[in-house]
Amino acid sequence: MRNLKLLKCLSSVELQSPGSPQCFSVRTDTGSLLISSQFSITEYDPPYRTGELTLWPGVLNEVSLTSEDYLPEDGQGVVVGIQDLPDQESVCVATSRGDVVLYNLSTNQLECVGTVDSGLTAMSWSPDQEVVVFCTGQETIILMTKDFEPITEVDIHQNEFGEGKFITVGWGKKETQFHGSEGKQAAQKKAAEVQPAVPWDDRRPRITWRGDGQLFAVSAICPQTGARKVRVWNRECVLQATSEAVNGLEQPLCWKPSGSLIASSQRHPNKHSVVFMEKNGLLHGDFTLPFAKEKVKELLWNSDSSVLAVWLEDMNPGEDGKRNTYIQLWTVGNYHWYLKQSLHFGNDPLKAPACLCWDPEKPLRLHLLTRAWASYTYDWGWCTDRSPGDDSQDNANVAVIDGDKVLVTTFRQCVVPPPMCSYELQLPAAVNMVTFHSQPQRTNELAALTADSRLHIYAGNGKGAPGFRVVSKPSVLQKTYSVAVDQEGVLAMRLLLWLKEDVFVAVAGGDGLNQSSLLFLKPAETEGSDNRLEIRSKVEVEGHVISLCHSPKSDTLALQLEDGQIRRVHCDSTEVTVSEWKDSTGYTVNFPLPCVHTALCTINGQEHVVGLTERYHLYIGDSEVASNVSSFVVYDEFLLLTTHAHTCRCLHLATMSLKGETIDAALSSEATQNDESTRRVERGSRIVTVVPQDTRLILQMPRGNLETIHHRALVLAQLRKWLDDLKFRDAFECMRKLRINLNLIYDHNPKVFLENVETFLNQIDSINNVNLFLTELKEDDTTKTMYPNPASAACQSASASGADGKKKVDTICDALRSAMETLDPLKFCLCILTSHVRKTTPELEIALQKVHELRVNPPSEKNAVSAEEALKYLLFLVNVNELYEHSLGTYDFDLVLMVAEKSQKDPKEYLPFLNMLKTLEPNYQRYTIDKHLKRYKKALHHLSKCGEEHFTEVLNLVKDQRLYTEALQLYPAESQQYKMLSVAYAEHLVEQQQAEQAGLLLWRCGEMPRALQAFVSCISWRHALAVAVHIPLPPEQLAQLARDLADDDGLFCMFLKGAAWEEALRLIYLYSRQDIAETHLKPALLEAHSNQLTFLESQKTLFTRHKNRLVVVREQKEKARLELLDEDGPDCADAELYSEASSVLTGSRIGSKYSKSNSRISARSSKNRRKAEGKKHSLKEGSPFEDIALLHALVQIIHVVDKMREEIHSLLKALVLFQFDTLASSLQTNYSELLQLIEKGIPEIWQEGLQQGPNSTANSIMASFQQPRPSAVPQQDAEILIRPKMRQSVKWKLCMLK
């Protein structure tokens, strides 16, 4: 959807030379023109170029062809071809007399290298200039080398088809074939006779080469039929193919440089077409010229095959006997040919083109030479004419020029693939330029400049067809102005912009050779000059202006010169001035290279000019920021661009840096693998436009088709605007459609959301959407994890929203539930249930109670939710077994039966159990239920109320579940039950090596002997002596007890057993018992050293084994996952309901034969469930949760080894003290190696991306698919996915050891 705009038009004065130009060529090394006439060869460097002036302005060399008798002096001679030969520094010229002349440009000498007696009619050199083809007057082809050595000579007209002759397989005669709608009469229909060539055909042959130089085609008049026929020859002059008979085929012939098609023209009875042939001679496509009364003189492809120039001339002269001449530029897109530019040269014979050619180096540069020796050079550039508005009133218009029509597509309403459009604007003449109004609220208005220098203004909304709904109303013609610009030549005005109301700015040629004129056009104010634009202001600019750009926001106008210089245009009320573009420091800013596409943007509060060169370098001022950009557009606060790495980048201008290395590195695909500002696009994609105040970005593919994408950066920016404006419905629909995490609605500004909860509910106004929002809630703050704001806007974080310390999910659920109960509790019944279930601690009992209330008191409203619907919805949210157990925990059997009936449980499983419960006493019944649900504290509470006959069960329950503290609070301290519980608790404490606390319990409940035994066992001599006196013991036993308690050896052995080396040393020197150090301490140290070494070695072996096995298990599960994805991926109609983190779905399917199901399988018994739970952490090879068990084992090893730092440190000090340095050094080395092994293995075990959730981005989830990971992890095992941390701050090593 691009147009051709004229960047620069250079014209020269008429050269005073005899005769008229017949053909010319462009010197590739100097750019000068090599012109041949009927008298001479001239090397002409026009005055707009720099060159050494010799004979007169612009003429570098000139040599006469008549003095050497190569051409007659009467001016009747004809030069049939001219070619620049850079390798030989010469020009090759072929004359109609048959002479082939070389003109040496360095020596200025002529040399005749050959002569053909019959004369020459055409000459064409191959693209590599290794061979040359001549057509002679005897209608033969001569093929010669570049040194003019003959290779072969053959007749043009051959009877054979050529080597590419089609093969017939003999599938019947024509009479027996099916002829479709034509009927059987087509079998007897005779082939139409071939008509002779048109009368205005010059009957000269035409030669054209394919771009690679392997084939060439010759178009010549067939002597038998008098019609033109095209033959294709290879490089050895062997005929390959002959074209089919084409009536009305004309003289133009040009092979597309890309090698696919040969262009020619064809005259039909009712139309005139440009036709295309394949290399086998068959027609392959065409397009119709808009006029039927012109003849095509020549067709010329440019060097990159993107533009086809058509040179036309009127067949019939006008009243003055003169003919009009035209040059049209055509392009193709999506198999449709567009007329992009139409150059009308009038009917003056001297101003008519005599020669025309494209520049061999610059594809969009066109050279033209008139019969009066005036030369013109047109530089074109590609542009997309889009409306510049940033508000919601702008329709994202894009205008495409197609001859006398402008095809307008309004992308806000609809995306119409070209060549179709939203509506067409029909104009009276061919259109050359289109521009849109720059003022806000009026950017849908359009101005089109036609080839007859008239400006047509379109605005407003036209009427659509009656009976149809019009999506995009066409604009209506408002005014037509004639443009009065005092400039000579074709396309005197270029680079048109519509600045303000009836104020236009354009560029024209200046008064000097190296000047341009900046024109400000306004409607004429004088009487009788209505509908005419005249020049109100004119500013001369030194240099040739090649681009204009305007910013509607700042009303800044900037222009660029052909050498990359940037100028600022000051449009004051009194005068217009042009000055250099300077930055905030006063430094002059220019582009290092000229740019074909420019725009204005604001970065960090300073305005900059952005430019893209024809070699895909992107500049911001004088800084090159990227080198592989194919297109860009500035929209709002973003710079969007596409790259040759097939990515679309959206850069935030507020955070953008002008350091080229930074942005260039950011544009590389490796640096942005998980960057949400990057999006992969189809190869060759270009930006067409951005829909303002929307999320859509329109791209065009190389073939011409369109693609609409929603770039993540644009989506998030628009969502923030909607949320700031409290447009919750627009934001929600966009987020749901584009799979944006719905937590952003709250996280963007929690305070504002909580203050406008009712607004949110009123706008959403959908039960399903509110439930969807509630079910996606997570504790994480998405503005810090998934969707950080690049502009760092000051918005409140979710973590700071709850002043009462409540969690985020609980805060939202409570706020929504309160608002829903206020607005309409019956309407939002299901949403209220969801708010209870989705809390951090699900309130299932409350939800079930609400369902029960609906069953007891059904609502009378028509559309109210019934109890059965509510329960069915709850079963959708919660696992049926979990909901059944929670209903059982309410002790309401009606509710239990209601849940059980809706589930798929077997009545034989739950009815006997419920019937048994109903027969029990209420307290014992609740005890039985709580024990079944493993709510042992509640079970103990109810069982304690069942009387003394159940105390044995109480005691067994307390011992089994270790509920001693809770049980003691249920009985009076004086009761026998309290004493029995205390004795049981004391026995438990003794087993736990807490004899002193056991003694206190026994002492308190009156069990003195057992209390004394407990105190003695823990050497609590004060308590022991007090109890002994309280018993009382006889004096002899009391004295013996005191002596036993004072035994230091026993206390010392206790310290050695507990590895309390410092305390043992203190006692040794306190009581002067150095003998114990030799007999007890040193052997204990040696034994501890040996035990520690053995333990460390075992832990090292286990860690290595488990780590290696985990790698194998992950590889196996990854292979199984990939196989499962190939067989059954998550492809369903409701795919948009899954969030971006829905990859958990895939992970949960791995090992699906072990997965849980609540469909047709009855719930297992509690014994089986406990057994399955125990097997989950089994390290048996091949078990379904082997990876989880391995992770658990590795976590335990890491924690155990890490906690040994203090113990190892104490043992090392004791070993060194007793001169066991070698043993201490070996222990320190082994422990250090084990720590290093663990630290190195942790990143390998807990890889990045192992844990997925709301913190993950779409790209990081996709990246994590490439890494092994465990299967779906239950909530209670989620901590194993968190990478354990080592206590690096604990200093345990001794520096004195090696």
| Is it the case that some residue within segment 342-350 is among the aromatic types (F, W, Y) and in a strand (DSSP E or B)? | no
| remark: Scanning segment 983-1002 residue by residue, those buried (at least 20 other Cβ atoms within 10 Å of the Cβ), touching an Asp or Glu at 6+ places or on another chain (Cβ under 8 Å) and over 17 Å from W1021 (Cβ atoms) turn out to be A986
| message | Any residue at all in segment 283-295 that's open to solvent by 40 Å² or more (accessible area, probe 1.4 Å), aliphatic (A, V, I, L, M) and touching a residue at least 24 places away in the same chain (Cβ under 8 Å)? | response | yes
| field | Check on T602, part of a strand (DSSP E or B) and in contact with a helix residue (DSSP H, G or I) (Cβ under 9 Å, 6 or more places away or on another chain) | value | yes
| field | Criterion: assigned to a strand (DSSP E or B), closer than 14 Å to S387 by Cβ and within 28 Å of the chain's Cα centre (by Cα) - qualifying residue of T435, T409 | value | T409
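Residue by residue, here is whether (1) within 30 Å of P858 (Cα to Cα); (2) open to solvent by 50 Å² or more (accessible area, probe 1.4 Å) holds:
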site: Y873; (1), (2): yes, no
site: Q904; (1), (2): yes, yes
site: K908; (1), (2): yes, yes
site: E966; (1), (2): no, yes
| said: Checking the structure you have, find out if any residue of segment 885-899 is closer than 30 Å to V983 by Cα and surrounded by fewer than 16 Cβ atoms within 10 Å (Cβ to Cβ). | reply: no
| If you go through segment 742-751 one residue at a time, do you hit one that is buried (at least 21 other Cβ atoms within 10 Å of the Cβ) and of a type in the set (D, E)? | yes
| said: When you scan segment 59-67, do you find a residue that is without any contact (Cβ under 8 Å) to a residue 24 or more places away in the chain, on the phi < 0 side of the Ramachandran plot and hydroxyl-bearing (S, T, Y), even just one? | reply: yes
| field | Test result for T1079, modelled with pLDDT of 85 or more, among the hydroxyl-bearing types (S, T, Y) and out of contact with any His (no Cβ under 6 Å at 6 or more places or on another chain) | value | no
| field | Subset of segment 355-384 (residues that are of a type in the set (A, V, I, L, M), assigned to a strand (DSSP E or B) and surrounded by fewer than 21 Cβ atoms within 10 Å (Cβ to Cβ)) | value | L356
| task | Take segment 75-115 and flag every residue that is open to solvent by 10 Å² or more (accessible area, probe 1.4 Å) and among the charged types (D, E, K, R). | result | D87, E89, R97, D99, E111
| remark: Selection over segment 314-323 where residues are open to solvent by 50 Å² or more (accessible area, probe 1.4 Å) and closer than 20 Å to A451 by Cα yields a count of 2
| field | Cross-chain or 6+ apart pairs with Cβ under 6 Å, segment 1274-1298 first and more than 15 Å from I1208 (Cβ to Cβ) and of a type in the set (A, V, I, L, M, F, W, C), then in a loop (DSSP other than H, G, I, E, B) and modelled with pLDDT of 80 or more | value | none
| Pairs where the first residue, in segment 198-219, is part of a loop (DSSP other than H, G, I, E, B) and the second is among the charged types (D, E, K, R) and surrounded by 15 or more Cβ atoms within 10 Å (Cβ to Cβ), C-beta under 7 Å, 6+ apart | V198/E250; V198/R267; W200/K295; D201/E250; G213/R235; Q214/R235
| query | If you go through segment 1083-1114, how many residues are surrounded by 15 or more Cβ atoms within 10 Å (Cβ to Cβ) and either touching a residue at least 60 places away in the same chain (Cβ under 8 Å) or among the β-branched types (V, I, T) (or both)? | reply | 15
| Residue list for segment 584-601, restricted to those being at pLDDT below 90 and under 15 Å from S554 (Cβ atoms) | S584
| So which residues in segment 733-763 are farther than 13 Å from L723 by Cα, assigned to a helix (DSSP H, G or I) and within 30 Å of the chain's Cα centre (by Cα), if there are any at all? | R736, K737, L738
| query | Can you pull out the residues in segment 1013-1054 that are modelled with pLDDT of 85 or more and crowded, with 16+ Cβ neighbours inside 10 Å? | reply | Q1013, A1014
| task | Could you please tell me which pairs satisfy a Cβ distance under 7 Å, a separation of 6+ or placement on different chains, a first residue in segment 907-930 that is within 19 Å of V880 (Cα to Cα), and a second residue that is of a type in the set (K, R) and at pLDDT 80 or above? | result | D930/K938
| request: Give segment 114-131 a look and list any residue that's under 60 Å from the mean Cα position of the chain (by Cα) and closer than 16 Å to D155 by Cα, or say none. | output: L120, T121, A122, M123
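The values are calculated or read from the model by the stated rules, or taken from the named source; none is laboratory data. All values derive from a computational prediction rather than experimental measurement. Quick reminder, even Gly has a Cβ in these numbers, built from the backbone with ideal geometry, and neighbours come from all protein chains shown. What goes into the accessible areas is simple: the full protein's heavy atoms, side chains included, and nothing from ligands, DNA or RNA. Shrake-Rupley method; radii C 1.70, N 1.55, O 1.52, S 1.80 Å.
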